[in-house]
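So the structure is just underneath, and the comments pick up after that.
The values are calculated or read from the model by the stated rules, or taken from the named source; none is laboratory data. Fair warning: this is a prediction, and the values are worked out from it, not measured in the lab. In this analysis, Cβ positions are derived from the backbone assuming ideal geometry, glycine residues included, and neighbour counts consider all displayed protein chains. Surface accessibility is based on the protein's heavy atoms, side chains included, excluding ligands, DNA and RNA. Shrake-Rupley method; radii C 1.70, N 1.55, O 1.52, S 1.80 Å.
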Amino acid sequence: MIRFGYGTNGFGDHRLRDALEVIAGLGYDGAALTLDHPHLDPFAPDAAARTAAVGRDLERLGLAVVIETGARYLMDPWRKHEPTLVSDTGRERRVDLLCRAVRIAADLGAEAVSFWSGILPRGTPAAVGWDRLADGVARVLEEAERHGVTCAFEPEPGMFCATLADVRELRERLGRPERLRITLDVGHCVCNEPLTAADSVRGSGPLLANVQMDDMRPGVHEHLEFGAGELDLAATVGALMDAGYRGLASVELPRHGHAAPQVAFRSLEALRSAERQALALRKEAG
C-alpha cells in the first residue's frame, strides 16, 4: 500500500499546527513540509525551538514527514525562488538554506530533503550551469552525509535541471552518490517528460526517494486537482506499487490554499480510489 501525504504549501492560510491537524484528521500518512516564513522559517531566531515543537506535533499525530525547500520568497522578497544553485550571485545563500534544511530533517527524522536547481540566468553557458550546480549539490551532500539524511533532487519544468534525464546527468557528474536520489512530481511527467508518469516511475525505480502527486496538462506547468488534467492516476499509483516504493507520495497543490481542507479531502478520495483500481487490476492480472 502507498503512504499518502499532503504538502503544507497547500495550507498557506493555516497555522502549521492547524494544517498538520487537518492533514492527519483526513487520514493522510504524512506531510511534505515546506520550510517557509508562514510555517517553519529556517532563518528565524527560534528555529530550533519551533522545529522541536513541530517534531512533537508530528509524533503526536502519527505523521511521517519529508522536507521541501521550494518556498517562493523566503530569501528574496522581490525575486521568486532566488538565489538558486545556478544564480550568478548568492548561490552560497541557497546552499546555506539547503544545509539548514538537512539539519531540520535530521531533527525531525524526515525521510528526505527535496530541492531543485533553479533557472540558469540568460546568456550563461550550460557548462557553467553544470559546474555551479554540481558544486552546490556536493556541498549539500556533505552536510547530508554528516547527518544521515537522504537528498532528493527534483527536475522542474523551466529550470536548468528540468527532466529526469538531467537529474541522471547530475548524478553521473557527482559520481552517483548514494545520498542523492530523485523527487518525482508525477504532474511534471505529463507536462514535461517524454514518458508517462507510470513509465517514469518504472524508469526511476529504486532512486525514488520522494513523490509529489498532482495532475497537469501537456506543456503547461500548472498544478491541478486530480481529474482536471491528463494524468492516469490509477496507472501511476499502480506503478508505484510495482516499483515497491515505500516513501511518501504527497499531494502538491500550492495554489489551492483558499480551500485547503476540501481540496485535501477530495485528493485523498481520488488517491484511494486510484489505489483500489490499481489493486483490482493487479488481482485480475494474477
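Some observations on this one:
- The residue 44 and residue 230 beta-carbon pair, evaluated with R₀ = 45 Å, returns a calculated FRET efficiency of approximately 0.65.
- Look at the alpha carbon pairs under 8 Å that are at least 6 residues apart: their mean separation over the length of the range 93-175 gives a relative contact order of 38 percent.
- Listed residue (150, 119, 26) projecting farthest to the positive dipole end of the chain, Cβ model: 150
- Qualifying GluC sites (Glu not before Pro) in the range 228-286, DSSP loop, other Cβ atoms within 10 Å at most 13: none
- Diffusion constant of the range 100-226 at 20 °C, which comes from Stokes-Einstein with the Kirkwood Cα-pair radius and 1.002 mPa s, µm²/s: 142 µm²/s
- Among 184, 98, 120, residue whose mean-square fluctuation peaks in a GNM of the chain (springs only between Cα atoms under 10 Å): 120
- In a fully extended conformation the segment linking residue 273 and residue 72 would gain 69.1 nm over its present Cα-Cα distance, using 0.36 nm per residue.
- Separation of the residue 124 and residue 21 label points, Cα + 7 Å toward Cβ, nm: 4.3 nm
- Restriction of the trypsin sites (Lys or Arg not before Pro) in the range 76-138 to DSSP coil positions whose beta-carbon has at most 13 other beta-carbons within 10 angstrom yields 79, 80, 122.
- Computed about the Cα centre, the dipole magnitude for the chain is approximately 300 debye when only Lys and Arg (+1) and Asp and Glu (-1) carry charge, each at its Cβ.
- Rolling a 1.4 Å probe over the heavy atoms of the protein chains gives the chain an accessible area of 44 Å² per residue.
- Projected label distance in nm at residue 59 and residue 199, using a 7 Å step from Cα toward the beta-carbon: 4.6 nm
- Using a probe radius of 1.4 angstrom, the carbon and sulfur fraction of the accessible surface of the chain is 49%.
- Convex hull of Cα atoms in the chain, direction-averaged projection (nm²): 14.3 nm²
- Average Cα contact separation per residue, the chain, under 8 Å, 6 or more apart, as relative contact order %: 20 percent
- What the Cα atoms of the range 33-96 give is an Rg and a Dmax of 13.5, 43 Å.
- Distance from the C-alpha centroid of the range 101-154 to that of the range 40-96: 13 Å, rounded to the whole angstrom.
- Residues residue 280 and residue 142, FRET efficiency given R0 of 51 Å [Cβ-Cβ distance, rounded to 0.05]: 0.65
- DSSP-defined beta bridges in the chain - what % are antiparallel, rounded to 5: 5 percent
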